[in-house]
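Peer 1: This is the structure, below, for whatever I ask next.
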Amino acid sequence: MVSVCFGVILGVITVIGMSFGNTHAYWLDAWIAFLFIPPLGISIISYGIEFVKRNNEMQQQLIKAEKLKAVEQMGAAISHEIRNPLTAASGFVQLLQDDYLSRHKRKEYLSIVKEELISAERVIQDYLTFAKPSLEELEELNVKSELRQIINILQPLANQNSVEIITDFSVIGFIKGDGQKFRQCFVNVMKNAIEAMPNGGYLTIITEFSQNYVTISVKDTGIGMTEEQLERLGEPFYSTKGKNGTGLGMMVVYSIARAMEGAVWAESEVGVGTTFHFKFPTISHI
Ligand code: ADP
Ligand code: MG
């Protein structure tokens, strides 16, 4: 409105100025040219600007609301997941207060309490990395040495399931990311792979390096996944492991990979095995 008013005032001044000077002008043309067209143009342009601005604001608000909703939902779900084992644990602690409990029973209850507490801790552990998906400490990661470190951590678990870990690493390969998160991501993937082979098998980890990308594949010879399982991979709390699973591991994997500008995809066949492929942008190492 303000800019249109200014336009009109400017037009009026121009026309008045013209009436003093050139008396041969076509007045209708002059009125249209100076009083009508410029304000119309101004109004269209300013309306357009306002429209885009308002749209942007609305979009920002929507994104914020969406984020808050996600946090809220996750919070509710998490507290529910944690409350269950804690309630169970506190119930058994109450039972333990009985002075006349047999040694055997006491032991049994204690082990249940421990298990419940571990399961609550697992939920928190898995969730923590999701709550902070933004990468805090960007550093140059040497893919090979990071993966070696992860394999060392998981070796005991692999031995327990009689899983043999085979590696084929490219000589170089540097990517940018947060080391802690990177390790968390691959620990989750490899843990799943090992857990998918309860009767032993081979876990093969291959990295390849090119000018633009470092690719990492994690292949197992485990139980595999059905089409539906593959589709639901990464959904919060989707787990086929019952009490032993949280269904948060893959969600964390996806969120970390996304934060590192990487791509993830999986191939799987029931009874044959699963392969996870990762692709991260290479950084040239000087
Ligand atoms: P969790 O391991 O706690 O169950 P995840 O989010 O890590 O949760 O995995 C979700 C589900 O995806 C698992 O329960 C399992 O069914 C399936 N899954 C993930 N990785 C594999 C794999 N390598 N082989 C077979 N199934 C897998
Ligand atoms: Mg898992």
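Peer 1: Just checking, how many residues over segment 233-246 are at pLDDT 85 or above and within 9 Å of ligand 2 (Cβ to nearest atom)?
Peer 2: 2
A quick yes/no check of all residues on (1) open to solvent by 40 Å² or more (accessible area, probe 1.4 Å); (2) within 17 Å of the chain's Cα centre (by Cα); (3) not assigned by TED's automatic domain parsing to the domain that holds K144:
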residue: G247; (1), (2), (3): no, yes, no
residue: M250; (1), (2), (3): no, yes, no
residue: S255; (1), (2), (3): no, yes, no
residue: E261; (1), (2), (3): yes, yes, no
residue: V264; (1), (2), (3): no, yes, no
residue: V270; (1), (2), (3): yes, no, no
residue: T274; (1), (2), (3): no, no, no
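Peer 1: If a residue counts only when it is touching a helix residue (DSSP H, G or I) at 6+ places or on another chain (Cβ under 7 Å) and of a type in the set (S, T, N, Q), which helices (runs of 4 or more DSSP H) contained entirely in segment 1-120 have at least 2 such residues?
Peer 2: On the way: elements: 2-20, 27-31, 37-96.
Those helices (runs of 4 or more DSSP H) span 2-20, 37-96.
Peer 1: A further question follows. Return the total of residues in segment 173-197 being within 14 Å of ligand 2 (Cβ to nearest atom), open to solvent by 10 Å² or more (accessible area, probe 1.4 Å) and either assigned to a loop (DSSP other than H, G, I, E, B) or among the basic types (K, R) (or both).
Peer 2: Residues meeting the conditions: 2.
Peer 1: Would you say V163 is out of contact with any Phe, Trp or Tyr (no Cβ under 6 Å at 6 or more places or on another chain), at pLDDT 90 or above and within 14 Å of ligand 1 (Cβ to nearest atom)?
Peer 2: Values: out of contact with any Phe, Trp or Tyr (no Cβ under 6 Å at 6 or more places or on another chain): yes; at pLDDT 90 or above: yes; within 14 Å of ligand 1 (Cβ to nearest atom): yes.
Spelling it out, V163 is indeed out of contact with any Phe, Trp or Tyr (no Cβ under 6 Å at 6 or more places or on another chain), at pLDDT 90 or above and within 14 Å of ligand 1 (Cβ to nearest atom).
Peer 1: Residue pairs, Cβ under 8 Å, 6 or more apart or interchain, first in segment 227-247 and under 16 Å from E269 (Cβ atoms), second open to solvent by 90 Å² or more (accessible area, probe 1.4 Å). List them.
Peer 2: Close Cβ pairs satisfying both conditions: Q229/T240.
Peer 1: In addition: Show the residue pairs meeting these rules: Cβ distance below 7 Å; 6+ apart or different chains; first residue within segment 26-45 and over 12 Å from G7 (Cα atoms); second residue β-branched (V, I, T).
Peer 2: A30/V15; W31/V15
Peer 1: So, L86, is that one aliphatic (A, V, I, L, M), open to solvent by less than 100 Å² (accessible area, probe 1.4 Å) and out of contact with any Gly (no Cβ under 7 Å at 6 or more places or on another chain) or not? Quick ask: steps written out before the conclusion?
Peer 2: On the way: aliphatic (A, V, I, L, M): yes; open to solvent by less than 100 Å² (accessible area, probe 1.4 Å): yes; out of contact with any Gly (no Cβ under 7 Å at 6 or more places or on another chain): yes.
So L86 fits the description; yes.
Peer 1: Before we move on, is S162 within 28 Å of L117 (Cα to Cα), within 13 Å of ligand 2 (Cβ to nearest atom) and in the same structural domain as G262 (by TED's automatic domain parsing)? Let's see the steps before the verdict.
Peer 2: Values: within 28 Å of L117 (Cα to Cα): yes; within 13 Å of ligand 2 (Cβ to nearest atom): no; in the same structural domain as G262 (by TED's automatic domain parsing): yes.
So S162 does not fit the description; no.
Peer 1: Which condition number does V270 fail, the rest of (1) among the aliphatic types (A, V, I, L, M); (2) within 8 Å of ligand 1 (Cβ to nearest atom); (3) modelled with pLDDT of 90 or more being met?
Peer 2: Exception for V270: condition (2).
Peer 1: Scan segment 206-226 for residues that are in contact (Cβ under 8 Å) with a residue 60 or more places away in the chain and in a loop (DSSP other than H, G, I, E, B) and report the count.
Peer 2: 3
Peer 1: So which of L157, L230, L147, L203 ends up being in the same structural domain as M260 (by TED's automatic domain parsing), part of a helix (DSSP H, G or I), among the hydrophobic types (A, V, I, L, M, F, W, C) and surrounded by 20 or more Cβ atoms within 10 Å (Cβ to Cβ)? I'd like the intermediate steps shown before the answer.
Peer 2: Details: L157 fails: surrounded by 20 or more Cβ atoms within 10 Å (Cβ to Cβ); L230 fails: surrounded by 20 or more Cβ atoms within 10 Å (Cβ to Cβ); L203 fails: part of a helix (DSSP H, G or I).
Criteria check complete, one pass: L147.
The values are calculated or read from the model by the stated rules, or taken from the named source; none is laboratory data. Everything numeric in this text was worked out from a predicted model, so none of it was measured. Counting neighbours? That spans all protein chains shown, and the Cβs are built from the backbone with ideal geometry, glycine included. Each accessible area value is taken on the protein alone, full model and side chains, heavy atoms only, with ligands, DNA and RNA left out. Shrake-Rupley method; radii C 1.70, N 1.55, O 1.52, S 1.80 Å.
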